[in-house]
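This report concerns only the one structure given below.
A short reminder: the numbers here are calculations on the coordinates, not readings from a lab. Computed from a predicted model, the values in this text were never measured in an experiment. Cβ placement follows ideal geometry from the backbone for every residue including glycine, while neighbour counts extend to all protein chains displayed.
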Amino acid sequence: MASYATCSSVGPLCPVEATTYGYYPNFGGNVFFTVFFGILGVCQTGLGIYYRTWTFLTALLIGTFMEMAGYIGRVLMNDNPWSGPAFKLQIVCLVLAPTFVAAGVYLTLKHIILNLGPQHSILKPRLFTWIFIGCDIGSLILQAAGGGVAAAAGNDDMAMLKAGDDIIIAGIAFQVGTMVVCGAFALIFFWRVFKHGDGFAGEKNLDTGLSAISPKWMPYIIAAEVFAYFTVLIRCIYRIPEMAGGWGNPLMQKEDEFLVLDGMMIALACLAFTIFHPGVFLPSMRTGHKNRA
């Protein structure tokens with residue numbers, strides 16, 4: 001029987017159809033995402049250093065470069081779909097990377113709340129990072145454990161593969177639940193701001209008495225935040241049925257859906273946070289900046 005233990009390349013006894021994905025990963029599409037995430041990672045590094053947004057930089061840098069590494073694995077699989085190391089590289093990286101992008105979403109939301117008026121939030125702003133990034137870490141641990149188990153199993157130990165699959169699904173489902181709860185808190189906050197608050201005028205700087213950010217710019221970072229939130233959420237929701245069918249299931253063997261609903265969604269989220277970098281629009285994110293009462 002063809003497996004990663006007995007096959008080292010495609011041949012009569014080791015057809016590509018017997019691999020987990022059942023296809024040669026598209027070279028052009030996967031090279032595109034490799035380069036795209038690499039460029040975004042470099043941009044995030046420059047912007048993060050310039051604006052001193054160290055925590056946000058850490059999250060997005062890990063997220064973009066892990067995505068890049070995952071797509072490098074898929075490019076290598078185009079040459080050899082039976083490559084065990086490439087298969088493991090893309091499993092682990094592409095499962096874990098979006099968790100770091102989600103952490104960037106939570107961190108940005110915290111500082112939007114700080115700028116628009118924390119009194120309108122059910123949760124104190126600092127709790128958004130403690131609770132939701134804490135849950136994100138829990139999701140990361142589950143997905144990392146599942147990815148490690150699946151990578152160790154390769155395509156040989158089906159029971160071990162199933163166990164890894166189930167752990168990954170649990171981690172992603174937990175991540176979806178966390179994002180939904182966070183979204184509910186955010187929705188209530190924005191509703192309160194526009195019903196009882198000062199709209200985009202936001203909070204005032206202690207020293208100058210002026211808004212910490214010009215109201216005309218606030219819609220841009222809010223739009224980027226909402227856009228990134230929904231693209232990451234779409235990716236996570238897609239991953240649940242994609243993984244739930246087991247390794248090599250029909251949905252997992254549809255690359256077009258994967259590239260659009262996984263790769264493109266995370267790419268768009270990272271692009272939004274690069275064009276509308278929170279460090280530009282939210283001074284409170286910058287290390288050493290004092291703007292809050």
What are the ³J(HN,Hα) values, in whole Hz, obtained from phi via the Karplus relation 6.51 cos²θ - 1.76 cosθ + 1.60 with θ = phi - 60°, for each residue of region 114-122 in sequence order, with x given for Gly and Pro? 4, 7, 8, x, x, 5, 8, 9, 5
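Just tell me the longest site-free run in the chain, where the sites are trypsin sites (Lys or Arg not before Pro) in a DSSP loop having at most 12 other beta-carbon atoms within 10 Å. Please report the intermediate quantities before stating the final value.
On the way: sites that count: K216, K290.
Between the exposed loop sites, the longest stretch runs 1-215.
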Among [x] 15.9; [y] 17.3; [z] 14.7, the value of mean projected area of the Cα convex hull in nm² computed for this structure carries the label [z]
Quick one: 3J(HN,Hα) in Hz for region 127-144, Karplus 6.51/-1.76/1.60 with θ = phi - 60°, rounded, Gly and Pro as x. 6, 4, 7, 5, 6, 7, 6, x, 5, 4, 5, x, 4, 4, 4, 4, 5, 5
Can you work out the PRE-style zone for W191? Point 7 Å along Cα to Cβ, and I want the residues of region 111-134 with backbone N under 15 Å. 120-123
Quote the FRET efficiency, to the nearest 0.05, computed for W130 versus K216 with a Förster distance R0 of 25 Å and r equal to the Cβ-Cβ distance. 0.20
Go through the cysteines of the chain and tell me which have no other cysteine Cβ under 4.7 Å away. C43, C93, C135, C182, C236, C270
Once amide H atoms are built 1.01 Å from N in the peptide plane, which residues 5 or more positions from C14, or in another chain, come under 5 Å H to H? none
Between region 40-102 and region 106-126, how far is it from one alpha carbon centroid to the other, in angstrom? 28
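Could you please rank F174, F230, F87, placing first whichever residue has the fewest other Cβ atoms within 10 Å of its Cβ? Can you show the working numbers first?
Numbers: F174 19, F230 16, F87 24.
In order of increasing Cβ crowding within 10 Å: F230, F174, F87.
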Go through A269, M158, Y220 and say which Cα lies farthest out towards the positive end of the charge dipole of region 16-285; charges sit on Cβ, +1 for Lys and Arg, -1 for Asp and Glu. Y220
Interatomic Cα distance distribution for region 63-130, bins of 5 angstrom, percent: 4, 18, 18, 12, 9, 9, 9, 8, 6, 5, 2, 0
